[in-house]
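*Asks:* Pasting in a structure now, in structure tokens, and then I'll have a few things to ask.
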There are 4 protein chains.
Amino acid sequence: MSNKSPTTAICTSDEHSIHVRGADLVEDLIGQVSFTEMMLFQLTGERPTRTQVRLLDAVLVTLMEHGLTPSAIVTRLIYDSAPEALQSAVAAGLLGVGSTFVGTMEGCSALIDEMLAAPEGVQARAVQIAQRFREQRRALPGFGHPIHKPDDPRTPKLFEVALREGAIGQHIAALQTLSVEVDKAWGRHLTINATGAIAAVLGEIGMPQAVMRGIAVISRSAGLVGHILEESENPTARWIWHTVEDGIAYTGER
Amino acid sequence: MSNKSPTTAICTSDEHSIHVRGADLVEDLIGQVSFTEMMLFQLTGERPTRTQVRLLDAVLVTLMEHGLTPSAIVTRLIYDSAPEALQSAVAAGLLGVGSTFVGTMEGCSALIDEMLAAPEGVQARAVQIAQRFREQRRALPGFGHPIHKPDDPRTPKLFEVALREGAIGQHIAALQTLSVEVDKAWGRHLTINATGAIAAVLGEIGMPQAVMRGIAVISRSAGLVGHILEESENPTARWIWHTVEDGIAYTGER
Amino acid sequence: MSNKSPTTAICTSDEHSIHVRGADLVEDLIGQVSFTEMMLFQLTGERPTRTQVRLLDAVLVTLMEHGLTPSAIVTRLIYDSAPEALQSAVAAGLLGVGSTFVGTMEGCSALIDEMLAAPEGVQARAVQIAQRFREQRRALPGFGHPIHKPDDPRTPKLFEVALREGAIGQHIAALQTLSVEVDKAWGRHLTINATGAIAAVLGEIGMPQAVMRGIAVISRSAGLVGHILEESENPTARWIWHTVEDGIAYTGER
Amino acid sequence: MSNKSPTTAICTSDEHSIHVRGADLVEDLIGQVSFTEMMLFQLTGERPTRTQVRLLDAVLVTLMEHGLTPSAIVTRLIYDSAPEALQSAVAAGLLGVGSTFVGTMEGCSALIDEMLAAPEGVQARAVQIAQRFREQRRALPGFGHPIHKPDDPRTPKLFEVALREGAIGQHIAALQTLSVEVDKAWGRHLTINATGAIAAVLGEIGMPQAVMRGIAVISRSAGLVGHILEESENPTARWIWHTVEDGIAYTGER
């Protein structure tokens, strides 16, 4: 079918060495770069700037933990059912990093890119986008939060850190411009949520939209390991099971 | 069944804030700690030392990438089949972080703990362990490597970094003692492999054995996202499929 | 958030009995219905007709096996990596039952429903659909096959079995009408593939479009268990790994 | 590494046909065999007897549904988080078919095999096994149930169906013999649970112990698709999430 001989630029190894993106893992990387630097290097093939590392760290720290989310509940239940396979419990939880909660990151990033590329300028396109979504009564990706009202506290912090650490700020400014127009179009304030803010910050460091969701996956994998450790010491899974089973009434006949 | 009201010490949130392990995510963590520091803090509830952070970084960097491993192949195939769900591709690859390749980390860690707790001392117990495995002709977890011969290059580097960064070195020393006795019992040199070295280094920073495999899961999740980005730009999945299909002969009748 | 007390009509149990959709599992179902009948009953809450059972059996038999597909390769690799958790190997393979190969079933079903609901009649709408896809140069879901040319052999068989077993044939006829118009619009013959045929046959038995992909998931889960049994007796995973690793050239520097 | 050229006896295909285990899928199988017959044929390479089909049907029907189990809860939460990928929701739920609930099937099957192979006879070995587990205070796989007391209603039904449908009954008789000895050793009645009964029934049809857990995986995959359909029409996921989040108290500081 595809006859072309396939290639990879990521990694190769032999008896004596492992090379990642042209660097010697043992000589050049272990003990010299942080995990976050290594991620950016493996992903892009270029040594990251200090700004890129700090911004990615901020994003990973932001996304890692939000308590008993659906992903954390899933991981705890699967760990209880299959403790022989810790990797299964993490994988099951990660399957929840889908379109409902995290997919809006990609949607928001697409809007930012649309504004930045618009011949008529960011401001004019922001007006257009806000009106378009309002008229179609569609949810605007990156805006609104069910709990954090009126404002998601993570958003201003992420922007502050990004600018402090040397981001140019073009993506952030575009999203803030959109936010002003959104408030006008809706006639009330919608918060930029953390997912929206992260789309802007990842845009600042050139993270490809295709793998933005992957950053959430990496961060959550760490959070879920923490939930497994707690579950192993202080179990909740049986309580969750029985509470859910007892709380959902059977309406079939008996 | 379990009537006790369940608790968590990891995270809580309200309209205005998110608290992780007693710290305010926005005020105290975002922009102030690296992802690796955040992991250790969420996992243990205590602010990590610089040594702990450096050693965990070294371990995460070591485990992240080893080229076209079974996990990377799986992630690439699933991404091609279900590009709508990047998280599925990562989760599928992580399901390969199982007993065959990474499970030996826990086994090696258990041997180190056994030596350190032995009333007769590390050396005497190391002799015993080496003889026990040799007599039972069992594979010794943490020793031997199919490709990296005579020595896994990652092992001495990990030990060097650990000691340079302030590890006490008890776990490392115990594993090195065992290595000497293993070579005697086998009558030839077996390398301490990276998985074994990591068991010792994670022991140095007090990582609970129950979640050591989780560290590999976190690290690999980052590596797999890199493979997805490359796959999206330079596909290999169809070549893999057809090469495998063509290479495995059908022996049933037609 | 959602205050309404949730309900289920599927199943309840107590010390002495398990009820599924109002039937007593032990008294009314075990030993009296086939697995396929049970599926339809659990899914719909109504005892299936003989026609429904026969058609669903035909679909499940059709989808179960197609050799060393990406899903089967994935299952074999994960089984080798984590033999302690057979369920992981099946789950990993099922993650490949995504939009690329099976998602076209839903797309084809939507086209059939569109034709059947069209005020201007099936034939007129079929002309329109064929032209629409042709002009937009979009792949038509349910049509074409990379290997099975000029015709997918499963398609006529599925239609024959469906009609023999008492299907009314409305969905099948609509798809056949579309096929004629597609050949005209493309100026050459495109086969109705098995996925398209299955969309029509599942339409005949009233299977909701929302879970059509689920039928493929169920069927493939059985196929994948067969691959695990063979892998446990006659391994291929290490050969797959090394063949892929050796066949993909590293283009980074060393 | 492994130089031997790998083979498969399961399936091959070309432009015009698909062969499974030497049979032509289109000519010999679709419309002629049930899903359960197809499973046995693909798994073993031999056309199953009527007894084998009936017993496997009984087992699959038994295992398919038990209400809001951890697997069903997980599937519903993941479906809500990633509705774009129904396969993920099923896969996540299946990851719960692990050692805790279903793994006992393999353990019970091993005990039955041990009794049947014992030179001193089934009865004598049953006495021994019961005493061994009792002395070591270990849970006996296949015995006891948290809800179904004093007896699991599925067990006598499965045995009755098996014998009615022509099973020889050796495995069932061995398990019943063990049950008598268990009651003596424990000084009270322990039920043979469904998992134990299924181990015996699958033994009657020659199902390899290595894939017994796979039978549960197949059956549950069907049950989980039913839960997805209900969830799409009558959601419970948000209620589950908020009930769990509200019910687990945060004990860290704020």
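*Asks:* Where the accessible area of chain D is counted over protein heavy atoms with a 1.4 Å probe, how much of it, in %, is carbon and sulfur? Let's see the in-between values first.
*Replies:* Numbers: 4400 of 8900 Å².
The C+S portion of the solvent-accessible surface of chain D is 49 percent.
*Asks:* Follow-up question, since we're still on this one. Averaged over every viewing direction, what's the projected area of the C-alpha convex hull for segment A:8-48? Give it in nm², one decimal, please.
*Replies:* If you wrap the Cα atoms of segment A:8-48 in a convex hull and average its projections, you get 2.8 nm².
*Asks:* Per residue of D:144-150, count partner chain C-beta atoms within 10 Å of its C-beta, then hand back the mean as an integer.
*Replies:* Per residue, the number of nearby Cβ atoms from other chains is 3 on average.
*Asks:* Over the Cα atoms of chain C, each weighted equally, I'd like the Debye log10 I(q)/I(0) at q = 0.07, 0.08, 0.13 Å⁻¹, rounded to two decimals.
*Replies:* Values returned for q = 0.07, 0.08, 0.13 Å⁻¹ are -0.33, -0.42, -0.97.
*Asks:* OK, next. About its Cα centre, how strong a charge dipole does segment D:124-251 have in debye, to the nearest 20, once Lys and Arg get +1 and Asp and Glu get -1 at the Cβ?
*Replies:* 640
*Asks:* Once the other residues with Cβ under 12 Å from the Cβ of C:GLN209 are scored (Lys, Arg +1; Asp, Glu -1), what is the net sum?
*Replies:* With Lys, Arg at +1 and Asp, Glu at -1, the net is -2.
*Asks:* Return the FRET efficiency for the residue pair B:ARG164, D:ARG254: r is the Cβ-Cβ distance, R0 is 45 Å, and the value is rounded to the nearest 0.05. Walk me through the numbers before you get to the answer.
*Replies:* Working: r = 39 Å, r/R0 = 0.86.
It comes to 0.70.
*Asks:* Find, among the GluC sites (Glu not before Pro) in segment A:1-39, those assigned to loop by DSSP (not H, G, I, E, B) with at most 16 other beta-carbon atoms within 10 angstrom.
*Replies:* The qualifying sites are A:GLU15.
*Asks:* For segment D:215-230, take each phi angle, set θ = phi - 60°, evaluate the Karplus expression 6.51 cos²θ - 1.76 cosθ + 1.60, and give the result in whole Hz per residue in order, putting x for glycine and proline.
*Replies:* The phi angles translate into 5, 5, 4, 4, 4, 5, 4, 5, x, 5, 4, x, 5, 5, 4, 4 Hz.
*Asks:* Which ³J(HN,Hα) values, rounded to whole Hz and listed in residue order, are derived for segment C:57-70 from phi using the Karplus coefficients 6.51, -1.76 and 1.60 in 6.51 cos²θ - 1.76 cosθ + 1.60 with θ = phi - 60°, glycine and proline given as x?
*Replies:* With the stated coefficients, segment C:57-70 comes to 4, 4, 5, 5, 5, 5, 7, 5, 9, 9, x, 7, 6, x Hz.
*Asks:* Give me the Kirkwood hydrodynamic radius of segment D:53-185 in Å, from all C-alpha pairs, to one decimal place?
*Replies:* Averaging 1/r across every pair of different Cα atoms and inverting gives 17.0 Å.
*Asks:* Ballpark to the nearest 100 Å², how much total accessible area do C and B bury together, probe 1.4 Å?
*Replies:* Working: alone 14790 and 14800 Å², together 26660 Å².
Result for this pair: about 2900 Å² buried.
*Asks:* Whole-Å semi-axes of segment B:137-254's equivalent ellipsoid, largest first, each the root of 5 times a Cα gyration tensor eigenvalue? The partial results should precede the final answer.
*Replies:* Values: eigenvalues 256, 100, 33 Å².
Over the Cα atoms of segment B:137-254, the semi-axes work out to 36, 22, 13 Å.
*Asks:* While we're on this one: Which whole number gives the average count of other chain Cβ atoms within 10 Å of the Cβ atoms across peptide C:204-216?
*Replies:* Partner-chain Cβ atoms within 10 Å, mean over residues of C:204-216: 3.
*Asks:* Kirkwood Rh over Cα pairs of the protein assembly as shown into Stokes-Einstein at 10 °C, 1.306 mPa s: D in µm²/s? Don't skip to the answer; put the middle values down first.
*Replies:* Working: Rh = 29.9 Å.
The diffusion coefficient I find is 53 µm²/s.
*Asks:* Which value in deg cm²/dmol, rounded to the nearest 500, describes the helix-derived mean residue ellipticity at 222 nm for chain A, given -39,500 (n - 2.57) per DSSP H run of n ≥ 4 and division by the residue count?
*Replies:* It lands at -18500 deg cm²/dmol.
*Asks:* Give the lysines reachable from A:LYS184 as a straight Cα distance under 28 Å; neighbours fewer than 8 places away on the same chain don't count.
*Replies:* A:LYS149, A:LYS157
*Asks:* Report, as an integer, the average count of C-beta atoms from other chains found within 10 Å of each Cβ along D:229-239.
*Replies:* So the per-residue partner count for this stretch is 6.
*Asks:* Between D:THR51 and D:GLU15, what's the calculated FRET efficiency when r is the beta-carbon distance and R0 is 30 Å? Round to 0.05.
*Replies:* Working from the Cβ atoms, E equals 0.20.
*Asks:* Something else about it: Counting other Cβ atoms within 10 Å of each Cβ, which GluC sites (Glu not before Pro) in segment D:49-144 have at most 14 and sit in a DSSP loop?
*Replies:* Sparse-neighbourhood loop GluC sites (Glu not before Pro): D:GLU120.
*Asks:* May I pose another question? I want to check the label-to-label distance for A:GLU135 and A:SER5. Put each point 7 Å from Cα in the C-beta direction and report it in nm to one decimal.
*Replies:* Rounded to a tenth, the inter-label distance reads 5.5 nm.
*Asks:* Skipping prolines and chain starts, which residues have an amide H placed within reach, meaning under 5 Å, of the one on A:GLU84, given they are 5 or more residues away or on another chain?
*Replies:* The list, which skips near neighbours in sequence, is D:SER99.
*Asks:* If you don't mind, there's one more thing I want to ask. If the label for A:GLU114 sits 7 angstrom from Cα along the Cα-to-Cβ line, what are its distances to the same label in every other copy, in nm to one decimal, shortest first?
*Replies:* 2.3, 6.2, 6.6
*Asks:* For A:ALA9, list long-range residues whose amide hydrogen, built 1.01 Å from N in the peptide plane, is under 5 Å from its own amide hydrogen.
*Replies:* The answer is C:THR251.
The values are calculated or read from the model by the stated rules, or taken from the named source; none is laboratory data. None of the values given here were measured: they were computed from a predicted structure. Cβ coordinates were reconstructed from backbone atoms using ideal geometry, including for glycine residues, and neighbour counts include every protein chain displayed. Only protein heavy atoms, including side chains, enter the accessible area calculation; ligands, DNA and RNA are left aside. Shrake-Rupley method; radii C 1.70, N 1.55, O 1.52, S 1.80 Å.
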